[in-house]
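Here is the structure we will look at, set down as structure tokens.
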Amino acid sequence: MTTQQAVELIAGALTTAAWMCLPLLVGAFVIGIVVSLVQILTSIQDPAVGTAPRLAAIFLLIVLSASFMTSRLVDYTIRLFNRIPELAR
């Protein structure tokens, strides 16, 4: 395996990891902003009121984006396994 191939493998792994985390990170950010705005507008400062909707929404995001994340991971794994003969030289 050459240095270029190693760099390509690491870049592919990092890109795949970023794409897998992206829906959850963006969703968590948006949900956090919305819940905080609702708390500010209603003057509710109880921590449980902000935590419960965030946890429920993150769980829902995980369930909804699981197929996307799995398909990205399977695609990367298939591409990686197909490159094994090339990398073994």
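The values are calculated or read from the model by the stated rules, or taken from the named source; none is laboratory data. Bear in mind that the values here come from a model prediction, so they are computed numbers and not experimental data. Reconstructed Cβ throughout: ideal geometry from the backbone, glycine too, with neighbour counts over all protein chains shown.
Taking the criterion of being surrounded by 11 or more Cβ atoms within 10 Å (Cβ to Cβ), farther than 30 Å from Leu80 by Cβ and among the hydrophobic types (A, V, I, L, M, F, W, C), the residues of region 10-43 that qualify are Val30, Ile31, Val34, Val35, Val38.
Gly50 meets the stated requirement of being modelled with pLDDT under 90, surrounded by 11 or more Cβ atoms within 10 Å (Cβ to Cβ) and of a type in the set (Gly, Ala, Ser). Scanning region 55-89 for residues that are surrounded by 11 or more Cβ atoms within 10 Å (Cβ to Cβ), among the charged types (D, E, K, R) and part of a helix (DSSP H, G or I) returns Arg72, Asp75, Arg79. Every condition in (1) among the aliphatic types (A, V, I, L, M); (2) in contact (Cβ under 8 Å) with a residue 60 or more places away in the chain; (3) part of a helix (DSSP H, G or I) is met by Val30 except one, and the failing one is (2).
When the test is whether a residue is hydrophobic (A, V, I, L, M, F, W, C) and either touching a Lys or Arg at 6+ places or on another chain (Cβ under 6 Å) or in contact (Cβ under 8 Å) with a residue 60 or more places away in the chain (or both), Leu64 does not pass it.
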